[in-house]
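Peer 1: Please find one structure pasted underneath; my questions will follow.
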Amino acid sequence: MGGKKLRVGWFSFTCCEDSTMVFIELMNDHLDEWRKLIEFRHARVLKKNNTLSDIDVAFVEGAITNDKDANYLKEIRENSKKLIAIGACAVTGMPAAQRNNFDQETKNEIQFLIKRFDQADRVRKVSEVVKVDGEIPGCPMEEPIFLSALQGCLKEFGVVNA
Amino acid sequence: MHRDETDIGPEGHIHLEGITKIEGHGSVDIRIRDRKVKYAKLSITESKRFYTEAIVGKPALSLPLMTSRVCGTCSIAHLTCCAEAVENAVGYTPSDQTLLLRELSLYGMMIRDHAMHLYLFCLPDIYGKDSVLDFDDSQNDMIKKAFEVKGAGNNLSKVVGGRAIHETYAEVGKFSHIPEKDAVKKLIDELKDVREHALEFVGIFYKSTFKLERDTDFVSLLTDDYSFRGGDVVDTKGAVIPEGRYWDYVDKVVIPYSEATGYSFEGKEFMVGALARMNLNRDRMCKSTLDSVREYLGAFPSKNIFHNNLAQAIEVVHSIDRSIELLEAHDFKEETPEPVVIKAGEGVGMLEAPRGTLYYMLSVNKQGRIGYGRIIVPTQQNQITMEKAIGELVEQNIDASKERITFEIEKLIRAYDPCMSCASHFLKVKWS
């Protein structure tokens, strides 16, 4: 197929990065295949030289806790043809969003920190900030669903035969 | 002296945002005056998730499932430590088989987590590459071996704990599933296959010339058999502290620009992690490991922070050897453990997570719910010592280019193997 590769971005917001860990463990079995088929345009966990442009599919982990992250997520969206939310925090907001459900007394207790670190009043899931083309649920994300979504992208972008 | 624009300069400023190839998010801010570092600030920029508040009122028996979500990579450490704190709070002693399975699940995590950090994050620095994806064909064999070692750790956790990230079988007081005979047999073969690879990587990290020596106090649990759990807390200066009293020896240090609270030990900076364990406890590793790594152990005790990676590489071999021994020596049997009876109390759990000493103190009320909790994670304890080391590194390289010094700072931070997710997720505003 002329060596065309899927241009992938891997992004992590507020969470425990468990879906990134699942992805890194999947590399145990898939590294050779992925090196042939995927160009990692942006993956902070794997490399320093990253480019935020011309991304075919962005995988986004974690919940959105502040305006800075929300703006960065919008920038990712603008530079990606497809955006897929991965793992519970990205898909549902929880558990990263647990402070949304605190009672008023606990909210008051933590308010000075929310202010000090410019955090938003509410923690948001990814789809509350940008348009999402797909979701991979699970805490961490379910391996088979991720692999099938990735395979779907490889076909959709003409990297492997449909 | 000629100086080009890329030099830091005698009055310079370095800001490094989004440190790469670490767990989580962090940044560094350094101000230089008269060729001296005025300050070096390491900020953990991961947003707080307020776990310490969120656990209040939650059922104690299912709490480990929740605190496992503090950290993706060392979830097994959080789950296990939390389960032990709950058991100690209600006065429950798990069966020998449960303790054995816990020990094995910690070895699986140690192999997998250290392998990820060493091979994916640090190895590219040694070979002058940006990424594990950039190694050329002649190095394919080495990379293949790296992923095989990591895979064996992953499979050990899967066989014992159900899965490697947020294990599903481990609970307060028991494991809900016992490893199957066939799976254990396959696992022993796999661990034996990767042992030689793991040893080769010890050689690679031993030969690395990366160096930053500094005096600090090393702190770890002194475990009888280097099992990462049990024993007293010890330090380089000879302190011996029962785990239940660890809280009395540490002080919280609020670092206003960082989303994580730092800690001092007896009022001073200190370091936890593989280097501390190797400096304080190396003679108690498995005999087969000691025999194989004898030539490398001469490096310890060490003040070179980069030897933290050599220590991790050796711990991978030890974890493989000890797991093989335990798996070969035991038949796992279905058992019906004594049920956990809820009563009010306070309990401490402590163990050595991959990045160092992990501490949980939980109070359980008579309804079986959490009254309050204290949790101290390794990266919080290393935060002050890391910052000081960064400052010293910059002063030692004051004439280097900005690009060079930035690379050196990242490399040093990776040597410490910080975990920003862990570090940023605890803060208790008021203990009540």
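Peer 1: Please give the number of the condition B:L118 fails out of (1) surrounded by fewer than 24 Cβ atoms within 10 Å (Cβ to Cβ); (2) over 21 Å from A:A97 (Cβ atoms).
Peer 2: Unmet condition: (1).
Peer 1: Only residues that are of a type in the set (G, A, S) and either assigned to a loop (DSSP other than H, G, I, E, B) or within 21 Å of the chain's Cα centre (by Cα) (or both): list them for the range B:46-66, please.
Peer 2: As a first pass, look at the range B:46-66 and keep what is of a type in the set (G, A, S): B:47, B:54, B:57, B:60, B:62.
Residues satisfying the conditions are B:S47, B:G57.
Peer 1: While we're here: Filter the range A:80-121 down to the residues that are of a type in the set (S, T, N, Q), more than 10 Å from chain B (Cβ to nearest Cβ) and not in a helix (DSSP H, G or I) and list them by number.
Peer 2: Of all residues in the range A:80-121, those of a type in the set (S, T, N, Q) come to A:80, A:92, A:98, A:100-101, A:104, A:106, A:108, A:111, A:119.
Adding the requirement that they be more than 10 Å from chain B (Cβ to nearest Cβ) leaves A:80, A:92, A:100, A:104.
Scanning the range A:80-121 gives a single hit, A:S80.
Peer 1: Within the range A:48-75, which residues are within 11 Å of chain B (Cβ to nearest Cβ), over 14 Å from B:E46 (Cα atoms), part of a loop (DSSP other than H, G, I, E, B) and under 16 Å from the mean Cα position of the chain (by Cα)?
Peer 2: The initial filter retains those residues of the range A:48-75 that are within 11 Å of chain B (Cβ to nearest Cβ), namely A:48-50, A:61-66, A:68-69, A:72.
Right, trim to over 14 Å from B:E46 (Cα atoms) and you get A:48-50, A:72.
Then keep just the ones that are part of a loop (DSSP other than H, G, I, E, B); that gives A:48-50.
The one that is within 11 Å of chain B (Cβ to nearest Cβ), over 14 Å from B:E46 (Cα atoms), part of a loop (DSSP other than H, G, I, E, B) and under 16 Å from the mean Cα position of the chain (by Cα): A:N50.
Peer 1: Which residue pairs have Cβ atoms closer than 8 Å, lie 6 or more positions apart in sequence or on different chains, and pair a first residue in the range B:89-111 that is closer than 16 Å to B:F228 by Cβ with a second residue that is assigned to a helix (DSSP H, G or I) and of a type in the set (D, E)?
Peer 2: Filtered contacts from the range B:89-111: B:M110/B:E315.
Peer 1: Test each condition in (1) free of Cβ contacts under 8 Å to residues at least 60 places away in the same chain; (2) more than 10 Å from every other protein chain (Cβ to nearest Cβ) for B:P59 and report the one that comes out false.
Peer 2: (1)
Peer 1: Quick check on the range B:274-298: of everything there that is outside any helix (DSSP H, G or I) and in contact with a helix residue (DSSP H, G or I) (Cβ under 6 Å, 6 or more places away or on another chain), which residue is surrounded by the fewest Cβ atoms within 10 Å (Cβ to Cβ)? Break it down into steps so the answer makes sense when it comes.
Peer 2: Filtering the range B:274-298 for residues outside any helix (DSSP H, G or I) gives B:285-286, B:298.
Subset that is in contact with a helix residue (DSSP H, G or I) (Cβ under 6 Å, 6 or more places away or on another chain): B:285-286.
Details: B:M285: 22, B:C286: 20.
The residue in question is B:C286.
Peer 1: Continuing with the same structure: Looking only at residues that are among the small types (G, A, S) and more than 10 Å from chain B (Cβ to nearest Cβ) in the range A:1-47, which one is farthest from A:S127 (Cα to Cα)?
Peer 2: Only one residue fits best here, namely A:G2.
Peer 1: Provide a single number: the residues in the range A:139-148 that are touching a residue at least 60 places away in the same chain (Cβ under 8 Å), surrounded by fewer than 21 Cβ atoms within 10 Å (Cβ to Cβ) and within 14 Å of chain B (Cβ to nearest Cβ).
Peer 2: Number of matching residues: 1.
Peer 1: Among A:K155, A:K131, which is the only one that is away from chain B (no Cβ under 14 Å), outside any helix (DSSP H, G or I) and exposed (fewer than 15 other Cβ atoms within 10 Å of the Cβ)?
Peer 2: Unique residue meeting the criteria: A:K131.
Peer 1: Moving on to the next point. Could you check the range B:242-269 and list, in sequence order, the residues that are of a type in the set (A, V, I, L, M) and surrounded by fewer than 20 Cβ atoms within 10 Å (Cβ to Cβ)?
Peer 2: Scanning the range B:242-269 gives B:V253, B:V254, B:I255.
Peer 1: Taking the conditions exactly as written (within 13 Å of chain A (Cβ to nearest Cβ), of a type in the set (V, I, T) and either free of Cβ contacts under 8 Å to residues at least 40 places away in the same chain or over 18 Å from B:R322 (Cβ atoms) (or both)), does B:T209 satisfy them or not?
Peer 2: Details: within 13 Å of chain A (Cβ to nearest Cβ): no; of a type in the set (V, I, T): yes; either free of Cβ contacts under 8 Å to residues at least 40 places away in the same chain or over 18 Å from B:R322 (Cβ atoms) (or both): yes.
Taking the combined requirement at face value, the residue does not satisfy it.
Peer 1: Being touching a helix residue (DSSP H, G or I) at 6+ places or on another chain (Cβ under 6 Å) and not in a helix (DSSP H, G or I) is the filter; apply it to the range B:387-421 and report the residue that is surrounded by the most Cβ atoms within 10 Å (Cβ to Cβ).
Peer 2: So the residue we want is B:C419.
Peer 1: So which residues in the range B:296-328 are more than 21 Å from the chain's Cα centre (by Cα) and without any contact (Cβ under 8 Å) to a residue 40 or more places away in the chain?
Peer 2: B:G298, B:E325, listed by residue number.
Peer 1: Right, here's the next one. Quick check: anything in the range B:133-150 crowded, with 23+ Cβ neighbours inside 10 Å, within 13 Å of chain A (Cβ to nearest Cβ), farther than 25 Å from B:L63 by Cβ and among the aliphatic types (A, V, I, L, M)?
Peer 2: yes
Peer 1: Then there's this: Hey, among B:C74, B:C82, which residue is closer than 21 Å to B:D417 by Cβ, more than 8 Å from chain A (Cβ to nearest Cβ), in contact (Cβ under 8 Å) with a residue 40 or more places away in the chain and of a type outside the set (S, T, N, Q)?
Peer 2: B:C74
Peer 1: What do you reckon, is B:L199 surrounded by 15 or more Cβ atoms within 10 Å (Cβ to Cβ), modelled with pLDDT under 95 and in contact with a helix residue (DSSP H, G or I) (Cβ under 8 Å, 6 or more places away or on another chain)?
Peer 2: no
Peer 1: Scan the range A:112-129 and report the pairs whose first residue is under 15 Å from A:N100 (Cα atoms) and whose second residue is of a type in the set (S, T, N, Q), with Cβ atoms within less than 6 Å and a gap of 6+ or a chain change.
Peer 2: A:Q119/A:T65; A:Q119/A:N66; A:A120/A:N66; A:R122/A:N100; A:V123/A:T65; A:V123/A:N100; A:K125/A:T92
The values are calculated or read from the model by the stated rules, or taken from the named source; none is laboratory data. Being a predicted model, the structure only gives us computed values, none of them experimental. Every residue, glycine as well, gets a Cβ built from its backbone with ideal geometry; the counts of neighbours run over all protein chains shown.
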